[in-house]
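Worksheet: one structure, shown below.
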Amino acid sequence: MAVKPFGKQFRADFPLEDEYIPISHGAHGSYPAAVQAYVDEYNRRAEKHPDRWHRFDFRPLLQENLERAAALIKCDPKDIVFVANSSTGVNNILRSFPFEEGDKILCYQTTYINCDKTLDFLTHYKKVELVRVELNYPLEDDEVIRLTKEAIEREHAKDSSKKIRLGFFDAISSLPGVCMPYQALTKLFREYDIPSFVDGAHAIGHIELNLAELDPDFFVSNCHKWLFTPRGCAILYVSKRYQGWIHPTAIQYAYQHHDNPMDGSSFNEEHVPGVINLTSYLCVGPALDYRESIGGEEVIRKYNHELAVQGGELVANMLGTQVMENSTKTLTANMVNIELPIKNTTKTDQEITSFFMKKSIYEYNTILVVYKHNSKWWVRLCGQIYVDLDDFKATGEIILKMIKELEQA
């Protein structure tokens, strides 16, 4: 059976409003009717016999979906568990890791707000110090590596017994929505004997992943953003080097203390969810089956990337501005950042952000994620199989109208 071309016609596979322009898929994702059928079936099974379901029947399905996820990202299924979202996974790691007072965590000012707040929490809860690296995009990948290396060496040169204990960085940052050189950063931290934590919230279903080759210490990624699973569903990867130290934030019956970080004997069982609606965890397989039926991962990535590049250029030309990109074109995957020509307004930054978000949703039936970075205003737009260049053009026209409204307000 021939697969229909990607674009608007694919919205029929998803429960999206007819007039809605879904140009910011990276925020919350969506999933097709083919996956909804499994959600309905698992919910029916759970309610028909709750005891049987929650005590026994869900377990083989959970394991099956972990194995499907592991095959996709190329890792041992024993090294991953499901969590509700990336922020939960980040908290599991950062609040379990045995930091001592004065330990340092290297991070970046582009860190996602929930993760950044968790790091801030650690400065009070465990008295760690944050070493922030300032990234002002557009940047070359080599510049990100250089700034990171300089920060490491600067901290390690200080007269202090406390060195950098963890490197925390994105695979793809949220705002701006750009790819970071996470492979090179993982290697760099390893050279300095610093454990690496890759926040891949936007990664799975977005870019190709090979954790066996990458070999990070910690990695987390949302499945509901780009992989077409229901919300919330994320995978948390912990290297065997550290599984003995990592526990869920909600401690349950399987908890065991391990002095040896390599004793991962209770890691998987500790992270088996309690009595929750866990159908989203059981839909990784169905989501992958759907994706395979429409062409597979490489075909989806290719379309989304090319659409983001072409759509970003189209909107930038309409606005008379530029796309956030470097000379080697490594920043843009499926999310593209376009400069906004906002010049004459007396509104505060918070008012501008709120203006675009609320008005775009309630008056224009789309969503504009607008933010300020490096003293300029930007909008982040996303390519997806149910979006096409006409959607980018329509979004550009909405942006022009809204900037005019903003500056006349």
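The values are calculated or read from the model by the stated rules, or taken from the named source; none is laboratory data. None of these values were measured; they are calculated from a predicted model. Cβ: placed from backbone, ideal geometry, glycine included. Neighbour counts: every protein chain shown. For the accessible areas, the whole protein counts, side chains as well, though only heavy atoms, and no ligand, DNA or RNA atoms are used. Shrake-Rupley method; radii C 1.70, N 1.55, O 1.52, S 1.80 Å.
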* Structure fact -> Within the stretch 248-271, residues being within 22 Å of S86 (Cβ to Cβ) and of a type in the set (A, V, I, L, M, F, W, C) number 3
* Structure fact -> L282 meets each of (1) in a helix (DSSP H, G or I); (2) out of contact with any Asp or Glu (no Cβ under 9 Å at 6 or more places or on another chain); (3) open to solvent by less than 20 Å² (accessible area, probe 1.4 Å) with one exception, condition (2)
* Assess whether D79 counts as being under 27 Å from L282 (Cα atoms) and of a type in the set (D, E). => yes
* Asked: Considering N365, N317, which residue is loosely packed, with under 15 Cβ neighbours inside 10 Å and outside any helix (DSSP H, G or I)?
  -> N365
* When you go through S375, S354, S360 one by one, which is the residue that is in the same structural domain as A316 (by the TED database), crowded, with 22+ Cβ neighbours inside 10 Å, of a type in the set (S, T, Y) and at pLDDT 95 or above? -> S360
* Which one of A27, A37 is in a helix (DSSP H, G or I), of a type outside the set (S, T, Y) and in contact with a strand residue (DSSP E or B) (Cβ under 7 Å, 6 or more places away or on another chain)? -> A27
* Counted residues, the stretch 74-84 - those being over 14 Å from E270 (Cβ atoms) and surrounded by fewer than 21 Cβ atoms within 10 Å (Cβ to Cβ) -> 4
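Collect the residues in the stretch 12-26 that are touching a residue at least 24 places away in the same chain (Cβ under 8 Å) and either open to solvent by 30 Å² or more (accessible area, probe 1.4 Å) or among the β-branched types (V, I, T) (or both), keeping them in residue-number order. Walk me through how you get there before you give the answer.
The initial filter retains those residues of the stretch 12-26 that are touching a residue at least 24 places away in the same chain (Cβ under 8 Å), namely 13-14, 16-17, 19-26.
Within the stretch 12-26, D13, L16, E17, E19, Y20, I21, I23 meet the criteria.
Are any residues in the stretch 37-49 out of contact with any Pro (no Cβ under 9 Å at 6 or more places or on another chain) and open to solvent by less than 60 Å² (accessible area, probe 1.4 Å), and if so, which ones? Spell out how you get there, then give the answer.
Step one: list which residues in the stretch 37-49 are out of contact with any Pro (no Cβ under 9 Å at 6 or more places or on another chain), which gives 40-49.
Of everything in the stretch 37-49, those that are out of contact with any Pro (no Cβ under 9 Å at 6 or more places or on another chain) and open to solvent by less than 60 Å² (accessible area, probe 1.4 Å) turn out to be Y42, N43, A46.
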* Give the residue, chosen from R165, R154, that is of a type in the set (K, R) and without any contact (Cβ under 8 Å) to a residue 24 or more places away in the chain. => R154
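Take residues that are in contact with a helix residue (DSSP H, G or I) (Cβ under 9 Å, 6 or more places away or on another chain) and within 21 Å of W226 (Cβ to Cβ) and tell me which of the strands (runs of 3 or more DSSP E) falling wholly in the stretch 60-161 contain 1 or more. Can you show your working first?
Numbers: elements: 80-83, 104-108, 129-133.
Passing ranges, in order: 80-83.
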